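Asker: Sending over a structure as structure tokens; questions will come in a sec.
The values are calculated or read from the model by the stated rules, or taken from the named source; none is laboratory data. This is a predicted model, so every value here is computed, not measured. Cβ atoms come from the backbone with ideal geometry, glycine included; neighbour counts cover every protein chain shown. In case anyone asks, the SASA skips ligands and DNA or RNA and just uses the protein heavy atoms, side chains included. Shrake-Rupley method; radii C 1.70, N 1.55, O 1.52, S 1.80 Å.
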Amino acid sequence: EFRYGEHSEVAVPTPNGVITFGQNHPLVVVAGPCSVENEEMIVETAHVVKAAGAQFLRGGAYKPRTSPYAFQGHGESALDLLAKAKEATGLGIITEVMDAADLDKIVEVADVVQIGARNMQNFSLLKKVGAIGKAVLLKRGLSATIEDWLMSAEYILAAGNPNVILCERGIRTFDKQYTRNTLDISAIPVLRSLTHLPIMIDPSHATGKSEFVQPMVMASIAAGADSLMIEVHPNPAKALSDGPQSLTLEGFEELMQEMAPLGKFF
Ligand code: PEP
Ligand code: MN
């Protein structure tokens, strides 16, 4: 049951301390590449995003690609690289689970387990992450209504895991020419009125273009987002996935500087 006016917190232990997602807490920034490609790039990215102020490193080991011929992620070996980046920086780790069979391995390194947009209504997977002792980041499905999304969150909560964070990552509309998806900024106040769960915005997958990330970040903060997820890559032009929407390391540093005066920071 969602109770109007109540706000839950999702407190996540990381090597650098407990990071809390929620309305009465500083903005939590999650940054990193779409895919974990190799040790050098993930460790370098981790150091830079940490120095710039991010609390979590993101990076995919198992990738939900539209084409079966596209890079599918390095799998288990990428989890080991995330563990190295965590060890080197103390950042919390967020990575996606696509198959419940990988969950045990993933929770060994992940501090927050991501359910991707394409699995938002994979109810058996939702029940399984409802039974783990780690927080879950639930991305909005490509064409999911707010109600569909909240019901999916409810699957996780009902299975016994209260630590759910909702992530708006853009929805399908009719225009694919200029943006990859349409960021539903109104989801922020709407969710606020309907649910106590923390709200994250992912402007990278929403816009699909790095040059549009900064204005959507500003809009998200203004509308009251609790957290942001930003794709960052040391060399976006060479990225194995989602290069066009990835900020460079320098671009991310600049973005963090620009965000700082907007409040809800430390
Ligand atoms: C991702 O975070 O890299 C990803 C695949 O996101 P989404 O599920 O929102 O498309
Ligand atoms: Mn991606």
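Asker: With springs only between Cα atoms under 10 Å apart, run a GNM on the chain and tell me which of 32, 17, 92 wobbles the most.
Answerer: The residue with the greatest mean-square fluctuation here is 17.
Asker: Here's something else I'd like to know. Spelling out what I want: for every residue of segment 127-139, take phi, set θ = phi - 60°, compute 6.51 cos²θ - 1.76 cosθ + 1.60 (Karplus), and round to whole Hz; glycine and proline get x.
Answerer: Each residue of segment 127-139 in turn: 5, 5, 6, x, 9, 9, x, 10, 5, 10, 9, 9, 7 Hz.
Asker: Past 24 Å, Cα to Cα: identify those pairs from 63/84; 86/176; 84/128; 209/238; 84/238; 128/238, in the order given.
Answerer: 86/176; 84/128; 128/238
Asker: Starting from the Cα-Cα distance between residue 24 and residue 182, subtract it from 0.36 nm times their residue separation and give me the gain in nm to one decimal. Could the numbers behind the result be given before it?
Answerer: Details: separation 158, 0.36 × 158 = 56.88 nm, distance 2.74 nm.
The span from residue 24 to residue 182 would gain 54.1 nm if fully extended.
Asker: While we're here: Using +1 on the beta carbon of Lys and Arg, -1 on that of Asp and Glu, and nothing else charged, what's the dipole of segment 26-131 about the Cα centre, debye to 20? Could the numbers behind the result be given before it?
Answerer: Working: 10 positive and 13 negative charges, 89 e Å.
My answer is approximately 420 debye.
Asker: For segment 10-259, what proportion of DSSP beta bridges, expressed in % and rounded to the nearest 5, is antiparallel? Mind showing how you got there, number by number?
Answerer: On the way: 6 of 34 bridges.
The antiparallel proportion sits near 20 percent.
Asker: Additional query: May I ask what percent, to the nearest 5, of DSSP beta bridges between residues of segment 1-133 are antiparallel?
Answerer: Taking every DSSP beta bridge with both residues in segment 1-133, the antiparallel ones total about 35 percent.
Asker: Now for a different question. Simple spin-label model, 7 Å along Cα-to-Cβ: residue 218 to residue 134 in nm?
Answerer: 3.6 nm
Asker: Whenever you get a sec, compute what percent of the accessible area on the chain sits on carbon and sulfur atoms (1.4 Å probe).
Answerer: Carbon-and-sulfur percentage of accessible area, whole number: 53.
Asker: Going by the alpha-carbon gyration tensor, a ≥ b ≥ c the square roots of its eigenvalues, is the chain rounded (a/c under 1.5) or, if a/c is not under 1.5, prolate (a/b greater than b/c) versus oblate?
Answerer: rounded
Asker: Classify segment 1-66 as rounded, prolate or oblate from the Cα gyration tensor: take a ≥ b ≥ c as the square roots of its eigenvalues, call it rounded if a/c is under 1.5, otherwise prolate when a/b beats b/c and oblate if not.
Answerer: The shape class here is oblate.
Asker: A further question follows. Using a ≥ b ≥ c from the Cα gyration tensor of segment 80-236 (square roots of the eigenvalues), is it rounded, prolate or oblate, where a/c under 1.5 gives rounded and otherwise the larger of a/b and b/c decides, a/b for prolate?
Answerer: Oblate, because a/c is 1.5 or more while a/b does not exceed b/c.
Asker: When N counts the residues of segment 177-235, how does its alpha-carbon radius of gyration compare numerically with 2.2 N^0.38 Å, as a ratio?
Answerer: Computed over Cα atoms of segment 177-235, the ratio equals 1.15.
Asker: Okay, moving on. At 7 Å along the Cα-to-beta-carbon direction for both residue 118 and residue 11, put a label point, then send me their distance in nm to one decimal.
Answerer: Each label point is offset 7 Å from its Cα along the Cβ direction, giving 3.7 nm.
Asker: Also, quick follow-up: Report the one residue of 163, 262, 28 whose Cα lies farthest in the direction of the positive end of the charge dipole of the chain (charges on C-beta: Lys and Arg +1, Asp and Glu -1; origin at the Cα centre).
Answerer: 163
Asker: Then there is this: If you build the convex hull over the alpha carbons only and average its shadow over all orientations, what do you get for segment 21-159? Give it in nm² to one decimal.
Answerer: Values: hull surface 35.0 nm².
Mean orientational projected area (segment 21-159, Cα hull): 8.8 nm².
Asker: Which residue fluctuates the most in the chain, going by a Gaussian network model with Cα springs under 10 Å, if the choices are 169, 140, 118?
Answerer: 118
Asker: Starting from the eigenvalues of the Cα gyration tensor, five times each then square-rooted, give me the equivalent ellipsoid semi-axes of segment 222-266, largest first, whole Å.
Answerer: Taking √(5λ) for each eigenvalue gives 24, 12, 7 Å, largest first.
Asker: Full extension from residue 83 to residue 65: what is 0.36 nm times the residue separation minus their Cα-Cα distance, to one decimal in nm?
Answerer: Values: separation 18, 0.36 × 18 = 6.48 nm, distance 2.33 nm.
So the chain would gain 4.1 nm between residue 83 and residue 65.
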